[in-house]
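Notes for the one structure printed next.
Where a number appears in this text, it was derived from the coordinates with a stated rule and is not lab data. Computed from a predicted structure; not experimentally measured. Cβ coordinates were reconstructed from backbone atoms using ideal geometry, including for glycine residues, and neighbour counts include every protein chain displayed.
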């Protein structure tokens with residue numbers, strides 16, 4: 001397995017196998033059916049795609065838990081389907097239109113309750129709790145806040161009506177027995193999930209436990225081996241329309257293109273490798289200066305990687321991974337449009353909840369120095385994934401556990417049953433699709449999304465934004481210091497470079513007077529050889 005030095009394998013997997021981000025993503029596949037489905041889609045249904053870089057996580061146990069959760073829920077859906085078929089068959093076998101085992105109005109009523117419950121809770125409903133926060137929000141008078149409690153109200157109305165009808169002497173025993181039978185497989189499913197949460201996904205158990213592996217079998221064995229090879233490799237595949245998949249969202253990228261001018265002494269040729277090596281020194285110094293504090297800079301990761309254009313089949317890409325060292329040496333400084341070399345500087349802030357990656361590309365050709373700096377940010381994981389800790393704590397509290405579990409399954413069971421039925425249907429469709437299309441032989445493609453990105457929210461908090469800005473500015477300052485050192489060592493003038501990129505407090509870039517040089521900052525910006533005096537933080541233009 002080819003991995004960066006900072007992410008070397010431990011006894012039971014890569015360094016991030018037991019990270020907090022990995023644990024929350026493993027828990028997320030049990031709480032969010034859409035997230036679980038997309039993980040399986042990317043890693044199993046599209047086996048032709050190499051996995052995107054897994055920054056700060058180990059994707060293999062996430063996939064293993066996703067497949068386990070799908071298998072559990074599919075089995076629950078199959079049992080529920082059999083119960084529905086049994087009671088519908090008994091109803092159709094009734095002796096008369098008015099003497100059916102399961103009267104149609106009750107059948108329809110329970111089906112409506114289940115559908116409404118699923119629609120309101122959606123794929124993100126945990127189906128485990130009637131949270132205090134839900135009940136509290138329902139008192140605020142907003143329709144959006146009242147919706148979460150609607151399924152529970154409908155369920156209470158159903159059970160109340162069924163109880164009244166039963167005690168009044170009506171022959172509606174099936175309207176009570178049928179839902180209770182449906183609750184049994186749902187209860188068993190939820191109980192198994194709680195056992196997994198308590199036994200595998202609690203903080204202490206997850207950090208001390210072994211790495212969860214994929215199920216046995218040719219396909220999953222092949223996929224697992226590919227994930228281990230690719231997710232932390234220094235060679236990755238990219239699609240030109242989807243660059244930097246796995247790194248997150250671009251964060252104020254900028255570039256500089258300037259003419260190399262000799263100083264008072266004879267200037268020596270400057271290569272991209274020399275610039276990269278001199279950039280590494282001040283960056284690695286950040287780890288030493290922060291070693292005694294709690295700053296995340298002490299865990300700064302600095303490594304090199306090469307992006308290869310899409311076109312290689314996955315098995316052919318596996319062979320290229322054995323030639324990673326040759327690619328790194330050949331691609332650095334070459335300035336090609338296909339194969340691209342980057343220095344990647346990464347910080348896992350907020351306990352890997354926020355990932356900052358700064359990718360640096362340098363090439364020196366034709367008497368020019370071109371420096372491209374592309375910061376990216378991975379946003380925090382979805383807050384609902386933290387329900388794993390709530391469930392783990394509740395699982396250890398045995399006081400009154402059985403009555404609470406009974407009430408919860410009665411109130412949440414209809415929606416969980418519909419979700420299990422849909423999971424059964426989607427699993428069958430997925431398996432048939434994989435069997436028919438044989439994705440491992442499909443046309444080569446690049447990754448579309450990473451597991452870490454699929455589990456992220458769209459926004460960061462103010463404190464997190466402040467830390468992101470601080471880390472990016474610190475790293476960019478060290479990058480500028482390394483480039484300046486490279487120019488000075490080789491006898492080139494550094495005045496233009498020192499004046500051309502000055503980072504101001506709000507994160508912008510001040511452009512001083514430049515001769516035969518160009519700079520570009522911001523999204524979708526470009527650099528041209530014109531005289532520029534000043535550019536804002538988000539634009540790429542200037543005065544000529």
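Miscellaneous remarks
- When each of 487, 214, 82 is scored by the number of other beta-carbon atoms lying within 10 Å, the sequence from fewest to most is 82, 214, 487.
- Mean separation of Cα contacts under 8 Å, 6 or more apart, over the residue count of the range 214-359: relative contact order %: 26 percent
- Note on the range 170-255: semi-axes of the ellipsoid equivalent to its C-alpha gyration tensor, largest first and rounded to whole Å, are 44, 21, 17.
- Inter-label distance for residue 393 and residue 82, nm, one decimal - labels placed 7 Å from Cα along Cα-to-Cβ: 3.9 nm
- Two-site label geometry, residue 425 and residue 188: point separation in nm, points 7 Å out along Cα→Cβ: 2.3 nm
- Additional length obtainable on full extension of the chain from residue 108 to residue 211, 0.36 nm per residue less Cα span: 32.5 nm
- Burial ranking of peptide ranges 61-73, 312-324, 334-346 (average Cβ count within 10 Å, highest at the top): 61-73, 334-346, 312-324
- In the range 329-446, Cα pairs under 8 Å separated by at least six residues give a relative contact order of 14 percent.
- Extended-chain gain in nm, criterion 0.36 nm per residue less alpha-carbon gap, residue 324 and residue 435: 36.6 nm
- If R0 equals 41 Å, the separation of the Cβ atoms of residue 448 and residue 161 corresponds to a calculated FRET efficiency of about 0.30.
- Label-point separation, residue 220 to residue 312 (7 Å along Cα→Cβ), nm: 2.8 nm
- Largest first, the three principal axis extents of the alpha carbons in the range 302-448 are 77, 43, 23 Å in whole numbers.
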